[in-house]
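Heads up: the structure comes next, in structure tokens.
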Amino acid sequence: MNNKHLSGLVFRQAEKYGEKVALRYRNDETKEWLPISWNKFAEKVKTVARALFDSGLQEQQNVGIFSQNKPECFFVDFGVFANRAVSIPMYATSTVEQIEYIVNDATIETIFVGEQYQYNVALEVLKKSAYLKKIIVFDAAVKIEEGEQTMYFQDFLKKGMASTSQPMIDERLSRATEEDVASILYTSGTTGEPKGAVLPHSCYVEAMRIHDIRMSFVDDTRSSLAFLPLTHIFERAWSYFCMHRGVQIDVNLRPMDIQEAIKETRPNMMCSVPRFWEKVYAGINEKLETASPLMQGIVAWALAVGKKYNIKYLKEEKNPPLFLKLRYKIADKLVFSKLKLTLGIENGKYFPTAGASLADDICIFFRSIGIPICYGYGLTESTATVSCFEPTKYMFGSVGSIMPSVDVKIGDDNEILLKGKTIFRGYYNKPEANAQAFTEDGWFRTGDAGKLVDNNIILTERIKDLFKTSNGKYIAPQQIEMKLIVDKYIEQVAVIGDKRNFVTALIVPSMVAVKEYAKAQNIEAETDELLLQNPKIYDLIDGRIAELQKGMASFEQVKKFALIAKGFTMEAGELTNTLKIRRTIISEKYKEMIEEMYVK
């Protein structure tokens, strides 16, 4: 089988592992996690491949997958690869307009959908698009319109089981090369229309090779919980790597169920965005605030011991003194092990996190208590990882050391530039965007500014996000937002200040925490909006911000802010599908509220 093409991955592992569990998924009715063996996985892939072939799928034709995380997403992915065709994943929360754009841009004829929402959206697109011809529905509970254009996945599989097309598929695969396009991942971006990043099989195969070097400890005794959407390059590339290493993948259907899923599966590994750990950190600190003075003292002592043991010694590859080892065992028994057990990560071995900024304090905290967060940096266009923490000698303040065989240099305006086999081929149908995305000598422009220190990347700002106050001061809004978002009373922040004489912010408070405070202070309000108008609530947030901004330059500090009850969402266009702030849209939507902060 072809080692330079993802089509052979599942079949190779089936030969190696047979009935060993490859995937698990949750039955919501029984709350049981059901296994799928490597043999069953391979069988499903072959069945999907034959059904696709018999449906008329051509080599290098685009196929859409519009669903939450499900094992079926993997079956279709690899069934598509077996036909030398192209998989195009779409975020499960996407709107009709977003799906219609992708379908038309990529001329998608067949789309697989997850549940009722995705089916309803796809049906609207089918009625309007000149390209979409067939919708195949994973969930048998979805109510569908009768007709030849829609069918259930189980009926689609029956066609594959009855098919005799396997020899033709094998013949296709004999021509497969690493330059075949594997997937097109549409990045919504913070500005402009979506762009489809074209990733050939060579990008994924190279990503696996360099991760083998960096992460040799990831082996077939591990399990990983697929939490992020498989549409996200981070989860997609990580999942492929886990399959490549023989790791069991537990597929989490809904992100909102993640805390329950972690406790049920007790994973060894899980990739996530920093916001997950920020919330865990805020939750731990909130509980500590209400703990007894004795317990607070024990935790403070344990953290000091953990920091010395894990960071001063183990991080630097030094053997801790015997007395420190004994104290760490006590700290672990009294505090760390109980905390991990409560979170569901007592079996945790490795937790990659990337996609946004992570405060050093949070990273140090989790590393101190023995939770191995691996902070990294990457993009869709680089097939995820450009750099990440190594097991030891990692540098706080950085996003880790550069991956093997990835070339990085600093260009004009301190922009991080990339070259290597994991760098994408270009944007689909976007010649002008491609001309802007690469330098004349072929380096990819990331749009991120940073510097290199001893082979580590230190990010400074997102160039397109950087703004300049009317006083001539440059502001990196994401850095300010990162400082504020760790507070338990603050859920989301959008910093404003471009061409203004001082910095302001729109703040979405954590209404659960705010309501608890209001109850303790005997503050009453009929609605969330009225509660946020109470001066005592404003003063609460003001005091928290003042504390968080200590040490920041005066021109960077948020001088005024406005509280809004409804959070920023993807559906409203205020966030990208990877949860980044769309500052332009937010600024326009809340224009009047922003202007009020500058005239008062």
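General observations
- Residue among Met570, Ala513, Ala476 farthest towards the positive dipole end of the stretch 467-599, charges placed on Cβ: Ala476
- With kT/(6 pi eta Rh) evaluated at 4 °C and eta = 1.567 mPa s, and Rh the Kirkwood radius from Cα pairs, the stretch 203-295 diffuses with a coefficient of 87 µm²/s according to Stokes-Einstein.
- Order by protection proxy (mean Cβ within 10 Å, highest first), peptides 167-180, 490-503, 119-132, 381-394: 381-394, 490-503, 119-132, 167-180
- Given the alternatives [x] 1.12; [y] 1.05; [z] 0.97, Rg/Rh (Cα atoms, Kirkwood Rh) as computed for this entry is given by [z].
- A crude spin-label estimate for the pair Asp170 and Tyr538, with each label 7 Å from Cα along the Cβ direction, gives 7.5 nm.
- For the stretch 1-92, the Cα gyration tensor yields ellipsoid semi-axes of 23, 18, 10 Å (square root of five times each eigenvalue, largest first, whole Å).
- Look at where the Cα atoms of the stretch 373-452 and of the stretch 512-578 average out, and the two centres are 35 Å apart.
- Among complete DSSP H helices in the chain, those whose alpha-carbon atoms stretch at least 15 Å along the helix's long axis and whose mean Kyte-Doolittle hydropathy reaches -1.0 are 38-54, 71-82, 116-128, 201-214, 233-244, 274-289, 293-307, 535-548.
- Once the chain from Asp454 to Lys159 is taken as fully extended at 0.36 nm per residue, the excess over their C-alpha distance is 100.6 nm.
- Scattering curve values for the stretch 467-599, log₁₀ I(q)/I(0), Debye with Cα scatterers, q = 0.12, 0.16, 0.21 Å⁻¹: -0.46, -0.82, -1.36
- Protection-proxy order for peptides 292-301, 534-543, each taking the mean of Cβ atoms within 10 Å per residue, highest first: 534-543, 292-301
- The packing ranking, built from the mean of other Cβ atoms within 10 Å per residue, places the peptides 437-448, 140-151, 62-73, 105-116 in the order 62-73, 105-116, 437-448, 140-151, highest first.
- DSSP-defined antiparallel bridges as percent of all bridges, the stretch 98-215, nearest 5: 45 percent
- Using Cβ point charges alone (K and R +1, D and E -1), the dipole size of the stretch 139-241 about the Cα centre works out to roughly 200 debye.
- Prolate/oblate/rounded label for the stretch 104-169 (Cα gyration tensor, a/c 1.5): oblate
The numbers here are math on the coordinates, done by the rules we state, and not lab data. If you're wondering where the values come from, they're calculated on a predicted model, not measured in any experiment. Here the Cβ is made from the backbone with ideal geometry for all residues, glycine too, and neighbour counts use every protein chain on show.
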